[in-house]
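All remarks here apply to the structure that follows.
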Amino acid sequence: MKRLIYLSMGITFLLWKICLSQEGMEAIDAVPKTGGTRSLSMGGITIATNQGVEALNGNPGGLALLNGIQISIGGSIQIFGKSDFDYNGYSSKFKTSCKLSKIGVAFPITIPNISLKVTGALGYRRFYDWIRKKVIEEKWFDDYYKKTIVHKEKIKTKGLMNTLSLGLGKAISEKYFFGISINFPVQKVYKMETESESRYPDETYKYNFKQEWDVMAKHFIQFGGIFKVSSKLSIGVSFLMNHGFVIYSDEFDYQYEWEIPTTIDFGIAYRWKPNLLLAAEIQSRPWESWRINNLPIGGVDSGNAYRFGLEYGKTNQFRAGYALDRLPLLDAKDHPVDIHNLTGGIGYQLNCFVLDLGVSYQFVTFKAEKWWRGTWDYYIRELVFNTSLRCCI
């Protein structure tokens, strides 16, 4: 019986994240992680601004703009995270967690006696990042005991999909640049650990629960291009082709197949002054076309993500940005939910090294509704610090 209860809890939590039917920060995890610290500091801008190794995680067309060899490594720290029902006695917080976000190298490729010149790239990154450390605490007054009951859960999740990416970029002319990347999923397991404790006046109930799901996914392709209209203006477009993954368990004989349709990005960058870059982009959010076991996930609306960013300076840069991202959520009136994202950062150059530091703050408040308790305010808050080190050879 206990094993059956634990299995039910595990499947419920897994569906919570996969079906995206639960209000909260799990909806943020449904969005692929793209770009490096520089782009994340500019509101998530990647399509018309990334060059070199960082283009492998944004618009691979930017690979063709690289001169020389470039190496990059980046990570992130979730400083603060919270997604709460707005009522007394309940809290849901995300503890600090450090992550290696990506590592990569880009390099020119020349073949002797052949005039063909291309840029190659190899990288590893977190693609769907389900790493979380969550603490839920709930307190309520029990009429039987005439005392307050405390229930606390610690939930730690790890894994889902990381990718090994291979990229190629080619300059078609002085104005047109094209690139393609092939992404091979390398994550094999998704894990969840739960520690729960309920404190009653006469007894304390505890349990520990661990569950692993195997993850299987096929390779997928992303391609894009950049058009330099002039020395000041660039336009970019990128296509992340349809892909997906399967989570399954032979032990408990169940399987869920997640299918994600093609995502399209369009961006523009303008060098207003020699030391001031302005950029904007739009990205499709085709939530209504997602499928689980060949069925639509339901209860969500498709939309777009809008991003705006700027970068000031030459040797050392100051960056800022804003983004409005459509989430796979509906509020109490069945209106789609968009989350705000304020970003900022700096880039410090020392000889051939560039240290990028950035911070992003995501937030939204909306009316949520459940049949068993009516309507209430629900809010999401997340503060993340990003850093990366780039080296040009």
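Numbers for the structure displayed
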item	result
Members of region 164-219 found to be over 24 Å from L63 (Cβ atoms) and of a type in the set (K, R), listed by number	K188, K191, R199, K206, K210
Residue identified as in contact with a strand residue (DSSP E or B) (Cβ under 9 Å, 6 or more places away or on another chain), of a type in the set (A, V, I, L, M) and closer than 22 Å to E212 by Cβ among I172, I131	I131
Wholly within region 129-192, strands (runs of 3 or more DSSP E) carrying at least 3 residues that are in contact with a helix residue (DSSP H, G or I) (Cβ under 6 Å, 6 or more places away or on another chain) and farther than 26 Å from K93 by Cβ	147-171, 176-185
Residue list for region 262-315, restricted to those being in contact with a helix residue (DSSP H, G or I) (Cβ under 6 Å, 6 or more places away or on another chain) and surrounded by 18 or more Cβ atoms within 10 Å (Cβ to Cβ)	V300
When residues of region 224-241 are limited to those that are in contact (Cβ under 8 Å) with a residue 24 or more places away in the chain and of a type in the set (S, T, Y), the one surrounded by the fewest Cβ atoms within 10 Å (Cβ to Cβ)	S231
Any hit, region 313-328, residues being under 19 Å from P32 (Cβ atoms) and without any contact (Cβ under 8 Å) to a residue 40 or more places away in the chain	yes
Criterion: modelled with pLDDT of 90 or more and part of a helix (DSSP H, G or I) - qualifying residue of G44, G62	G62
Check on Y207, touching a strand residue (DSSP E or B) at 6+ places or on another chain (Cβ under 9 Å), modelled with pLDDT under 90 and under 30 Å from D143 (Cα atoms)	yes
Qualifying residue in region 117-135 (condition: more than 30 Å from N183 (Cβ to Cβ) and touching a residue at least 24 places away in the same chain (Cβ under 8 Å))	yes
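For (1) in contact (Cβ under 8 Å) with a residue 24 or more places away in the chain; (2) within 26 Å of N59 (Cβ to Cβ), each residue gets a yes or a no:
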{"residue": "H243", "(1), (2)": "yes, yes"}
{"residue": "S249", "(1), (2)": "yes, no"}
{"residue": "Y254", "(1), (2)": "yes, no"}
{"residue": "Y270", "(1), (2)": "yes, yes"}
{"residue": "I282", "(1), (2)": "yes, yes"}
{"residue": "R285", "(1), (2)": "yes, yes"}
{"residue": "E288", "(1), (2)": "no, yes"}
{"residue": "I292", "(1), (2)": "yes, no"}
{"residue": "I297", "(1), (2)": "yes, no"}
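The values are calculated or read from the model by the stated rules, or taken from the named source; none is laboratory data. Note that this is a predicted model, so its numbers are computed, not measured. As a convention, Cβ positions derive from the backbone with ideal geometry for all residues, glycine included, and neighbour counts pool all protein chains shown.
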